[in-house]
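J.: A single structure is presented below for examination.
The values are calculated or read from the model by the stated rules, or taken from the named source; none is laboratory data. Quick caveat, the model's predicted, so the values are computed rather than measured. Backbone-built Cβ (ideal geometry, glycine too); neighbour counts: all protein chains shown.
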Amino acid sequence: MSWVETESPSFTARHAERDAQDVVGVLELLESTRERLAPVLPELPSHLEVVVHSSTAQLTVAQPVLPVLRRLTAPSARRYVGGWFTARELHMLAPRLLADRASNVPGSREMLMLTPAALYAQLAVGSRSPVLPPPLRPWGVPRYRRWAWLGAGAGAWLSGQTAHARPAIARRLREGRAPSFPPGARDALLLGGTVFDLVAVDMGEAAAVRLALEPMGSPRDALRDAFHGRDPVHTEGAWRAHLARLAAV
């Protein structure tokens, strides 16, 4: 396939010619996300390459870790694994392919179309976080499994995906066993953002950003610190009540 390039102030996209118009929208979304995150995340990545792929197979060849991430994710949430990133690149499916993945659940399409913003937010957090620095290598998968809720959750919360996830969360709570706390890798894409949402509601947005950038110790230690020493057992109860409220809206 021959590639064409489209540029914006902070990004250069490579893509198929048929996706040119959609890529303009992707770059506008990325620029607006970067502008919105600038006041809260210092030293945001810039001059990144954005590779917009025309098929899942093409994306997988470019990012071989994706099949591992899909297997770690619950089947009902795998539709949201629409891309990945390295230290200097964002790789994602073309918007037309993301739209095709949407379920009938309200908010599903909106979450998928925010994939570029979520990937950029994950990269911005990961580039400063000690626990999930890009790129993800095969030997880093155990660490990823432990901290997936933080990386995926920060991306979902900062990009606005979590605001559209309520119907999908309601479905998740009706299906299968109760999620673990913090959410495991299976639920990280869908439920990770709700952890940051809870921190922001209870402790303020600055505390949620601090959790994303400066997690200390184990995941439960990081959550204890985010809630000013509160026992994670009590935080877990508050989180499950928060999920129930989100699902009920």
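J.: Across region 84-112, what is the total count of residues that are over 20 Å from R14 (Cβ atoms), touching a residue at least 12 places away in the same chain (Cβ under 8 Å) and not small (G, A, S)?
T.: Here the count works out to 6.
J.: Going by the conditions given, is V40 more than 19 Å from L97 (Cβ to Cβ) and among the β-branched types (V, I, T)?
T.: Details: more than 19 Å from L97 (Cβ to Cβ): yes; among the β-branched types (V, I, T): yes.
It is true that V40 is more than 19 Å from L97 (Cβ to Cβ) and among the β-branched types (V, I, T).
J.: Among the numbered criteria (1) farther than 20 Å from L132 by Cβ; (2) surrounded by fewer than 17 Cβ atoms within 10 Å (Cβ to Cβ); (3) not small (G, A, S), which one does L97 miss?
T.: For L97, the failing item is (2).
J.: Is there a residue being touching a residue at least 12 places away in the same chain (Cβ under 8 Å), loosely packed, with under 13 Cβ neighbours inside 10 Å, more than 18 Å from the chain's Cα centre (by Cα) and over 24 Å from S108 (Cβ atoms) anywhere in region 36-44? It would help to see each step written out before you state the result.
T.: From region 36-44, those touching a residue at least 12 places away in the same chain (Cβ under 8 Å) are 37, 40-44; that's our starting set.
Those still in the list that are loosely packed, with under 13 Cβ neighbours inside 10 Å too: 42-43.
Adding the requirement that they be more than 18 Å from the chain's Cα centre (by Cα) leaves 42-43.
Subset that is over 24 Å from S108 (Cβ atoms): 42-43.
Within region 36-44 (the criterion being touching a residue at least 12 places away in the same chain (Cβ under 8 Å), loosely packed, with under 13 Cβ neighbours inside 10 Å, more than 18 Å from the chain's Cα centre (by Cα) and over 24 Å from S108 (Cβ atoms)), the answer is yes, since at least one residue qualifies.
J.: Then there is this: If I filter region 28-44 for residues that are closer than 10 Å to A94 by Cα and in contact with a strand residue (DSSP E or B) (Cβ under 7 Å, 6 or more places away or on another chain), do I get at least one hit?
T.: Pass one, region 28-44, residues closer than 10 Å to A94 by Cα: none.
Looking through region 28-44, none of the residues is closer than 10 Å to A94 by Cα and in contact with a strand residue (DSSP E or B) (Cβ under 7 Å, 6 or more places away or on another chain).
J.: Name every residue in region 5-21 that is under 16 Å from A99 (Cα atoms) and crowded, with 17+ Cβ neighbours inside 10 Å, in order of residue number.
T.: Answer for region 5-21, where residues must be under 16 Å from A99 (Cα atoms) and crowded, with 17+ Cβ neighbours inside 10 Å: just D19.
J.: A follow-up question, please. Within region 204-228, take every residue that is on the phi < 0 side of the Ramachandran plot and in a loop (DSSP other than H, G, I, E, B) and give me the one that is modelled with the lowest pLDDT. Steps first, please.
T.: First, pick out the residues of region 204-228 that are on the phi < 0 side of the Ramachandran plot: 205-216, 218-227.
Filter once more, so that each one left must be in a loop (DSSP other than H, G, I, E, B): 214-216, 218, 227.
Numbers: E214: 94, P215: 95, M216: 90, S218: 96, F227: 97.
So, considering only residues that are on the phi < 0 side of the Ramachandran plot and in a loop (DSSP other than H, G, I, E, B), the one modelled with the lowest pLDDT is M216.
J.: Go through region 126-155 and give me each residue that's exposed (fewer than 15 other Cβ atoms within 10 Å of the Cβ) and over 19 Å from P64 (Cα atoms).
T.: Across region 126-155, the qualifying residue is only P130.
J.: Right, something else. Only one of (1) over 16 Å from the mean Cα position of the chain (by Cα); (2) modelled with pLDDT under 95 fails for A74. Which number is that?
T.: So A74 meets the others, but not (1).
J.: Specify which of the listed residues (T115, T73) is in contact with a strand residue (DSSP E or B) (Cβ under 6 Å, 6 or more places away or on another chain) and under 15 Å from G153 (Cα atoms).
T.: Values: T73 fails: in contact with a strand residue (DSSP E or B) (Cβ under 6 Å, 6 or more places away or on another chain).
Every option except T115 fails the conditions.
J.: Out of (1) buried (at least 16 other Cβ atoms within 10 Å of the Cβ); (2) hydrophobic (A, V, I, L, M, F, W, C); (3) within 16 Å of the chain's Cα centre (by Cα), what's the single condition that is false for A102?
T.: Exception for A102: condition (3).
J.: Same structure again: Can you find a residue that is in contact with a Pro (Cβ under 6 Å, 6 or more places away or on another chain) and touching a residue at least 40 places away in the same chain (Cβ under 8 Å) anywhere in region 1-19? Steps first, please.
T.: Looking only at region 1-19, we keep the residues that are in contact with a Pro (Cβ under 6 Å, 6 or more places away or on another chain), and these are none.
No: region 1-19 contains no residue that is in contact with a Pro (Cβ under 6 Å, 6 or more places away or on another chain) and touching a residue at least 40 places away in the same chain (Cβ under 8 Å).
J.: Could I ask something else about it? Of everything in region 170-193 that's over 15 Å from the mean Cα position of the chain (by Cα) and hydrophobic (A, V, I, L, M, F, W, C), which residue is nearest to L211 (Cα to Cα)?
T.: F181
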